[in-house]
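Below is one structure, written out as structure tokens; the observations come after it.
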Amino acid sequence: VHAAPQWGRVLQYGPDEEEFPGQKDPSCDNDDLKLTAQFGNNHRLNRRVGYHDYVGPYVGDVYSEPTTWGEDKENTKMFSLDYSAVLGDKTFLEARVGGWRTDHTWGPQYPSDEWLYTDTTVDPWEYSGGLWWAWDWDPQTDDAEIVLTQHADDFLAGNHEFRFGVQYKKGSANTKLFNTSYYYLAESYYYSYYYGYGYYYRWEGMYYQPPFYYGAISESVGAFVTDSWQVSDRLTLELGVRYDNHQARVPDYARLDLDSDPTGEIIEGRDMVDWTSVDPRFGFAWQPTGDGKTLVRGSFGRFHAGAVFGQWYWPPPEMPPLEGYWLNWDGEWEQTWTWEASDGLLVDGTENGETWEYTLGVEQQVGATSSVGVQAVYKKTKNLIGWHILDDAEYETFNYTDPWTGQVFELRDYGDQGPTTMKGNSSGPGANGGDRPYEQEYQGLIFTYKKRFANNWDMLASYTYSKSEGLNPTFLDWGSQG
């Protein structure tokens, strides 16, 4: 039995922060327990459970009323069950099931029914009312795996270590947003070139957006077979193949009102991912000389990415539009602008990321305790997923000069409403530079020096030279498309 409890409390304030009566201190409590049971000589069972609880209340400053102070709470429960068995002198079985559940919230320390009110006419800004943009996030996952290892000596021209495995995983993440709207007081300075004077004027504004849900759920099944084949004392081959199927969707969610309560309407979910892949792998280790001082290694294989929620679950289907209002001279709220996010769905035929990787290297022993080596790496990746911008909006072009390099770029001004954006394997016809695939090519050389511990010292040093080219989708975050 192994138990590991941890208890932590933090109390600290900055120069612009103040202690409020009843203010809670940040805390972090972790409890982990491992139970190991041995059944005879050949069977072992490990049971692990964990309970992690974190509370991080915002230490309010003198410019914010306590009702605007947030509190970060995270509660995670983890479990796993591992079983291993020796089924003979050449057969070994491993099985595992496990999972975790998290309830992560950002909410008010001192609940209020009001919206956040920001006064931008003072410096620093002052905040009152309630907490803005609270949320409740509940990611979770379950997985299981069974692996059977079978040794076979003097079989098919050598010694073999066969591994057969199957895997299953299910995961989900749902987020509920609260208090997505807020008021503000602002001011502007206006200078009249005709009359030669300037004046300030103030106005009240409002950002309005009903609360909403977003999230995803996925299931994956995988299986693999590998063979570590010792052909001779100087050559070992690694052969393998892997099968995977990933399915994922955005589930149905309730439409919410301004109080974050269900309206009775359901926003229909979307099937997003159904990907199947079969990936071969090959590797070798070869000693070309009989003295064992030279080792040549190489490998190649194909790898596919799994279902990554963050690539396609935002914006969610039928996300409420964000609207701007101002309190006009008649004392009425008047809408000034609106922004509607297009459903960030995957383009038909979108595939998961695929990489072919090739390596080749040599390591040479130098003296009795040292070795030097060099390894070449080449990777070719395609079908990365990023924003796919359609060419369905009017725009005006303008030139932008980079202040650092002096390079001139021709950019597009779409005005209030930009083009439709989706997710796909290319930038889309509406992107600057045209429709280009999201892909990457990597080339690298790794030089190493190793010295094992002898004469009271050891050393491990390396130098990597690499070059990477392609179109990376990560810089096109969703906010830049607004």
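The values are calculated or read from the model by the stated rules, or taken from the named source; none is laboratory data. Since this is a predicted model, take the numbers as computed values, not measurements. For neighbour counting, all protein chains shown are included, and Cβ atoms are generated from backbone atoms with ideal geometry for every residue, glycine included. Ligands, DNA and RNA are stripped out before the accessible areas are found, and what is left, the full protein with its side chains, is counted by its heavy atoms. Shrake-Rupley method; radii C 1.70, N 1.55, O 1.52, S 1.80 Å.
The table for this structure:
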| item | result |
| --- | --- |
| Strands (runs of 3 or more DSSP E) wholly inside the stretch 202-283 containing at least 2 residues that are surrounded by 14 or more Cβ atoms within 10 Å (Cβ to Cβ) | 213-232, 235-250, 253-256 |
| Residues of the stretch 28-66 classified as under 15 Å from W100 (Cβ atoms), open to solvent by 50 Å² or more (accessible area, probe 1.4 Å) and in contact with an Asp or Glu (Cβ under 6 Å, 6 or more places away or on another chain), total | 2 |
| Residue satisfying condition, being within 26 Å of S181 (Cα to Cα) and at pLDDT 95 or above, within set D103, D113 | D103 |
| Answer from Y127, Y110 - the residue that is in contact (Cβ under 8 Å) with a residue 60 or more places away in the chain and either assigned to a loop (DSSP other than H, G, I, E, B) or crowded, with 17+ Cβ neighbours inside 10 Å (or both) | Y127 |
| Output for the stretch 154-180, where each listed residue is among the charged types (D, E, K, R) and open to solvent by less than 70 Å² (accessible area, probe 1.4 Å) | E161, K176 |
| Qualifying residue in the stretch 72-94 (condition: over 21 Å from S228 (Cα atoms), in contact (Cβ under 8 Å) with a residue 60 or more places away in the chain, in contact with a strand residue (DSSP E or B) (Cβ under 8 Å, 6 or more places away or on another chain) and open to solvent by less than 40 Å² (accessible area, probe 1.4 Å)) | no |
| Residue list for the stretch 375-406, restricted to those being without any contact (Cβ under 8 Å) to a residue 60 or more places away in the chain and under 15 Å from N432 (Cβ atoms) | H388, L390, D391, A393, Y395, E396, T397, F398, N399, Y400, D402 |
| Candidate set from the stretch 413-444 (those that are more than 24 Å from the chain's Cα centre (by Cα), touching a residue at least 40 places away in the same chain (Cβ under 8 Å) and open to solvent by less than 30 Å² (accessible area, probe 1.4 Å)); member that is nearest to R297 (Cα to Cα) | G444 |
| Flag if V308 is within 30 Å of Y214 (Cα to Cα), surrounded by 17 or more Cβ atoms within 10 Å (Cβ to Cβ) and not aromatic (F, W, Y) | no |
| Test result for K379, basic (K, R) and open to solvent by 50 Å² or more (accessible area, probe 1.4 Å) | yes |
| Whichever residue in the stretch 130-153 is acidic (D, E) and open to solvent by 50 Å² or more (accessible area, probe 1.4 Å) and, among such residues, is nearest to Q209 (Cα to Cα) | D136 |
| One residue from F447, F409 being farther than 30 Å from V296 by Cα, in a strand (DSSP E or B) and of a type in the set (F, W, Y) | F409 |
| Candidate set from the stretch 321-342 (those that are under 19 Å from R202 (Cβ atoms) and part of a loop (DSSP other than H, G, I, E, B)); member that is modelled with the highest pLDDT | E332 |
| Subset of the stretch 130-152 that is in a loop (DSSP other than H, G, I, E, B) and in contact (Cβ under 8 Å) with a residue 60 or more places away in the chain - its residue that is farthest from the chain's Cα centre (by Cα) | G130 |
| In the stretch 391-412, the residues that are acidic (D, E) and open to solvent by 90 Å² or more (accessible area, probe 1.4 Å) | D391, E394, E396, E410 |
| Residues located in the stretch 343-365, provided they are touching a residue at least 60 places away in the same chain (Cβ under 8 Å), crowded, with 17+ Cβ neighbours inside 10 Å and assigned to a loop (DSSP other than H, G, I, E, B) | G344, L345, T350, E351, N352 |
| Hits in the stretch 95-107 - residues which are open to solvent by less than 50 Å² (accessible area, probe 1.4 Å) and of a type outside the set (S, T, Y) | A95, G98, G99, H104, G107 |
